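The values are calculated or read from the model by the stated rules, or taken from the named source; none is laboratory data. Remember, it's a predicted structure, so these values are computed and weren't measured experimentally. In this analysis, Cβ positions are derived from the backbone assuming ideal geometry, glycine residues included, and neighbour counts consider all displayed protein chains. Side chains are part of the model used for accessible areas, which takes the heavy atoms of the whole protein and leaves out ligands, DNA and RNA. Shrake-Rupley method; radii C 1.70, N 1.55, O 1.52, S 1.80 Å.
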Amino acid sequence: MQAAFIFARVKTVPIVLALNPGSNSLKFDLVEVDERHRYACESKSLLSGSIEDIGRLGKVQVARRGQTIHSEEKRIADYKEATEFALKLLKDPEVNERERLPRAELAAIRVVHGGDRFREAVRLDNDVRREIEGRKKLAPLHNANSLRIADALAEQSPKTSIAVAFDTAFHHTIPETAWRYPLNREIADRYGIRRYGFHGLSHRYMLERYSFLSGRSPQDISAVTLHLESGSSAAAIKNGRSVDTSMGFTPLEGLMMGTRCGSIDPAIVLFLVEEAGMTIDEVTKLLEKQSGLLGISGVSLDTRILRKRDDAQSKQAIEMFAYRVRQFVGAYLAVLERAEVVIFGGGIGENTPEVRNYVCRGFEGWGLELDAAISEATVEGDKQISTGLSKLGAWVIHSEEGLQLAHECAQVL
């Protein structure tokens, strides 16, 4: 059933507006979906845009075919306003007349946490909305923002159908041995405490894009995929199916991230509450928003800024980030037994050679031969960064979550 969903062809839905909320940003893509296309990477992006640093003064950009056609700095208060501004941009003569944009027939919204119920994209109705609302505490930086986007769409464009796709859906193939935590079974089952996994849209896109480029079926591929951005995760994919992933019950577990700590000793939380006198809200803020690259560097969560700095803390932040990635890649290579490739995606994976080089040097014993010159020169696009003689491949793949989101949501109509 899962394989049929993963590789099904889509019905004809010509134009989809994909809206992808991050923890402090909104990406939007206008996508042409074709029923003849098997993979999301075959869809055509007509326009892409991003609104960064929501809640502060941030950059707004709109691009087509990699060329910026609109750029400004603007203070956007929240995700409702961000959605309204994105829709306004799509109607703006500077953008629309130049690109002759068609009207979207479907809006597709990314939802981070769908729990164990949703295994594919669905129409947004009252029942689905209640399910999303019920998981807001498990994805506090994301789920509520997805609903705010839906509300803004319903208000601004009431005739547009809305569908949602879940980051957790791709990971429903993880076996119980991997998704069950070693907690008391009765308590864990009562509260639904288990590994769900996230960034499924991105991990699936990287798998299928690599499959498309190599001319083979995803079911014949075993790989470690790395979504490295402000929120980061790794996935072990065996014969086209997710069998393990670094994020767990919430998006806080796993790799070190932009402001999130990733996996730490859980007793640290108890210590901070009991010995340091911190409240639960204060600890949550520490773990979610004051740790990771920002917490270690004391400067920024952006590796593009940190890699240009010479201070010890900035350098250590990048090295710690890369070390944690290397740890998970090693674990997943052991889980998969015979993986053929490690795929780097996401903003950090695509444009930070220092991270890729550090990770890859740890697997020379596995037969990975990095082409350092190619890796150093690769900051965008899809590129093999291992040599032709490498027994374990390494690739950089530009993860197009907007295309994947549009592709999956188009299947519900």
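Candidates are the residues of segment 122-139 that are touching a residue at least 40 places away in the same chain (Cβ under 8 Å) and in contact with a Ser or Thr (Cβ under 8 Å, 6 or more places away or on another chain); the one that is farthest from N24 (Cα to Cα) is R123. Scanning segment 384-407 for residues that are more than 21 Å from G231 (Cβ to Cβ) and of a type in the set (G, A, S), we see that the one that is surrounded by the most Cβ atoms within 10 Å (Cβ to Cβ) is A394.
Scanning segment 331-341 for residues that are outside any helix (DSSP H, G or I) and touching a strand residue (DSSP E or B) at 6+ places or on another chain (Cβ under 8 Å), we see that the one that is surrounded by the most Cβ atoms within 10 Å (Cβ to Cβ) is V341. Note on segment 31-61: residues that are hydrophobic (A, V, I, L, M, F, W, C), in a strand (DSSP E or B) and open to solvent by 10 Å² or more (accessible area, probe 1.4 Å) amount to 2.
Given (1) surrounded by fewer than 17 Cβ atoms within 10 Å (Cβ to Cβ); (2) assigned to a loop (DSSP other than H, G, I, E, B), identify the lone condition not met by R129. Of (1) surrounded by fewer than 17 Cβ atoms within 10 Å (Cβ to Cβ); (2) assigned to a loop (DSSP other than H, G, I, E, B), only one is false for R129: (2). State yes or no: is S202 touching a residue at least 60 places away in the same chain (Cβ under 8 Å) and either more than 17 Å from G134 (Cβ to Cβ) or of a type in the set (D, E) (or both)? When the stated conditions are applied, S202 passes them.
Among the residues of segment 252-309, the ones that are of a type outside the set (A, V, I, L, M), open to solvent by 60 Å² or more (accessible area, probe 1.4 Å) and part of a helix (DSSP H, G or I) come to 8 in all. Could you list, in sequence order, all residues of segment 160-175 that are open to solvent by less than 20 Å² (accessible area, probe 1.4 Å), outside any loop (DSSP other than H, G, I, E, B) and of a type in the set (V, I, T)? Correct list: V164 only.
Examine segment 196-216 for a residue that is in contact with a helix residue (DSSP H, G or I) (Cβ under 6 Å, 6 or more places away or on another chain), open to solvent by 10 Å² or more (accessible area, probe 1.4 Å) and either part of a loop (DSSP other than H, G, I, E, B) or at positive phi (or both), and state whether such a residue exists. No, that holds for no residue.
Taking the criterion of being modelled with pLDDT of 95 or more, open to solvent by 70 Å² or more (accessible area, probe 1.4 Å) and either in a loop (DSSP other than H, G, I, E, B) or in contact with a His (Cβ under 8 Å, 6 or more places away or on another chain) (or both), the only residue of segment 347-383 that qualifies is E369.
Note on segment 72-101: among residues that are of a type outside the set (D, E, K, R) and surrounded by fewer than 12 Cβ atoms within 10 Å (Cβ to Cβ), the one that is modelled with the highest pLDDT is A77. Can F344 be described as farther than 21 Å from F249 by Cα, of a type outside the set (G, A, S) and either open to solvent by less than 20 Å² (accessible area, probe 1.4 Å) or modelled with pLDDT under 95 (or both)? Yes: the conditions hold for F344. Within segment 316-330, restricting attention to residues that are open to solvent by 10 Å² or more (accessible area, probe 1.4 Å), touching a residue at least 24 places away in the same chain (Cβ under 8 Å) and of a type outside the set (S, T, Y), which residue is nearest to R356 (Cα to Cα)? Ranking the candidates gives R326 first. Of the residues making up segment 63-121, those that are closer than 19 Å to E32 by Cβ, without any contact (Cβ under 8 Å) to a residue 40 or more places away in the chain and either assigned to a strand (DSSP E or B) or in contact with a strand residue (DSSP E or B) (Cβ under 7 Å, 6 or more places away or on another chain) (or both) are A63, R64, Q67, I69, R98.
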